[in-house]
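Visitor: Here you go, one structure.
The values are calculated or read from the model by the stated rules, or taken from the named source; none is laboratory data. Being a predicted model, the structure only gives us computed values, none of them experimental. As a convention, Cβ positions derive from the backbone with ideal geometry for all residues, glycine included, and neighbour counts pool all protein chains shown.
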Amino acid sequence: MNSSVAPQSTRRLGLDPAWRTAAVAWVVSRLVVAAAYLATKSGWFSDFAVGDAQADHGLLLWDGTWYRDLLDGGYDAARPDMQRFFPLYHLVGRAVDAVVSNAAVSLVIVSNVAALVALWAMYRLVVASGFAERIACRSVWWLAMFPAAASLTFAYSESLSIALGVVAVWALIERRWWVAIPAAFLVGLSRSVGAMICVALCAVAVEELWSAWRRLPDGDRSIGALLRRRSRWLAGAGATIAAPAVAFAAYMLWLRATFGTWDAPLESQRQFRDGWRDPFTRLASGLFDVVTGDGTDVFNVAFALVAIVVIVVAARRAPWWASASVVATLVVALSANNINSLGRYVLAAFPIALLLALGEERVVAGRDARTVRAINIAATTASGLAMIIYCLFAWSGRMIP
């Protein structure tokens, strides 16, 4: 299943290549964000920033202030829009705050530790999916250096949600139900769109069932035979797939019991997204606006186009669960008049990292090792520069990450 061997020096040192790759990518991505933040201290930045400038908030920019308020005081009946922020992230932050005694620092710690776990788990997931370790390594780097991955350093819930999502899919593939089910449940408590992980989980299940169907003897190929042979697996997979939806429902029921209504998160999202819209015409209108000189959606359109190109280029080699997850997330993210933060939504569909690695693999196919390495470094560097631009626009108030 694994056609590549990790560097021998790593193995001689007894280092897990997954942790080694994750740690290096994690450090580099944070150095990139630090470089961007240092740039905000330059004189030109004050002229570049607008009224909603966030540089003074550091890593607690934009949504981070909401999470800080939730950590400090919990949900407030007088502010129903707070309920659109699902509870897991600030509750974990509150547990860390019991030791650290600083809300902002606690949230940043949770985000960055979860990001490291997500990178490690991504390596494991890609290998478990049957790909070579070089693809796993590049997937980790893309997850760390995707421009919107700057949000994995911020006081945002994406790091925790992605870490749990990667672990859930990996554990489902590995049939580790005691990990898969609770991880999937917690994903549903992490973000309002956390239940989207069900798309990847369902696709994994479909792939497994299709493979099992093809392995059945010709004389015994029936639905009944498949169910008999896979009954235990179906029970575990079914519980894993249902877990995020159960978590979502549990949060809605808690809101109803506590505040008398359960639909505040949905109403807040509807208002924030300015209503729903056909994703195809929304992308077309955004592209038209950018081409005609309106830069409001330039980042969002760019992320959407990158995702579409990567989906197409990697389609032949990508597993169903990876393509299905990214496609579903992109459709949902584009189905609104306000498509702010689209890059972060695409990143939350973490299989985008695998698709990027597979697309890159197609580009370097047939080239010598030195050229491949040069292309990998160039791609990572370019993405890092884009991450700096992403951060500067976010801190300047010109773009909502």
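The rows are residues; the columns are (1) under 16 Å from LEU143 (Cβ atoms); (2) in contact (Cβ under 8 Å) with a residue 40 or more places away in the chain.
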| residue | (1), (2) |
| --- | --- |
| ASN340 | no, yes |
| GLY343 | yes, yes |
| LEU347 | yes, yes |
| PHE350 | yes, yes |
| LEU355 | yes, yes |
| ARG370 | no, no |
| ILE377 | no, no |
| ILE389 | no, yes |
| SER396 | no, yes |
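Visitor: Which residue pairs have Cβ atoms under 8 Å apart, sit 6 or more places apart or on different chains, and have a first residue in the stretch 83-100 that is among the acidic types (Asp, Glu) and a second that is in a helix (DSSP H, G or I)?
Guide: Correct list of pairs: ASP97/LEU71; ASP97/ALA103; ASP97/SER106.
Visitor: Next question. Step by step: first the residues of the stretch 261-275, then only those that are of a type in the set (A, V, I, L, M, F, W, C) and modelled with pLDDT of 80 or more, then the one that is farthest from the chain's Cα centre (by Cα). Which residue is that?
Guide: Restricting to residues being of a type in the set (A, V, I, L, M, F, W, C) and modelled with pLDDT of 80 or more, the top hit is TRP262.
Visitor: Exactly one condition in (1) among the aliphatic types (A, V, I, L, M); (2) buried (at least 20 other Cβ atoms within 10 Å of the Cβ); (3) closer than 21 Å to LEU116 by Cα is not met by ALA203; state its number.
Guide: (3)
Residue-wise test of (1) assigned to a helix (DSSP H, G or I); (2) surrounded by fewer than 18 Cβ atoms within 10 Å (Cβ to Cβ); (3) of a type outside the set (Lys, Arg); (4) over 14 Å from the mean Cα position of the chain (by Cα).
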residue	(1), (2), (3), (4)
ASN340	no, no, yes, yes
GLY343	yes, no, yes, no
LEU355	yes, no, yes, no
ARG367	no, yes, no, yes
ALA378	yes, yes, yes, yes
MET387	yes, no, yes, yes
MET399	no, no, yes, yes
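Visitor: Quick one: which of ALA168, ALA128, ALA155, ALA163 is under 17 Å from TRP321 (Cα atoms), touching a Phe, Trp or Tyr at 6+ places or on another chain (Cβ under 6 Å) and hydrophobic (A, V, I, L, M, F, W, C)?
Guide: Answer to the check: ALA128.
Visitor: Quick test of your reading of the structure: THR296 fulfils all but one of (1) of a type outside the set (Lys, Arg); (2) assigned to a helix (DSSP H, G or I); (3) more than 23 Å from GLU207 (Cβ to Cβ). Name the failing condition by number.
Guide: Unmet for THR296, out of (1) of a type outside the set (Lys, Arg); (2) assigned to a helix (DSSP H, G or I); (3) more than 23 Å from GLU207 (Cβ to Cβ): (2).
Visitor: Which residues, counting only those in the stretch 289-308, are under 23 Å from the mean Cα position of the chain (by Cα) and not polar (S, T, N, Q)?
Guide: Matches in the stretch 289-308: ASP297, VAL298, PHE299, VAL301, ALA302, PHE303, ALA304, LEU305, VAL306, ALA307, ILE308.
Visitor: If GLY224 satisfies all but one of (1) at pLDDT below 90; (2) within 15 Å of LEU88 (Cβ to Cβ), what's the number of the condition it fails?
Guide: Exception for GLY224: condition (2).
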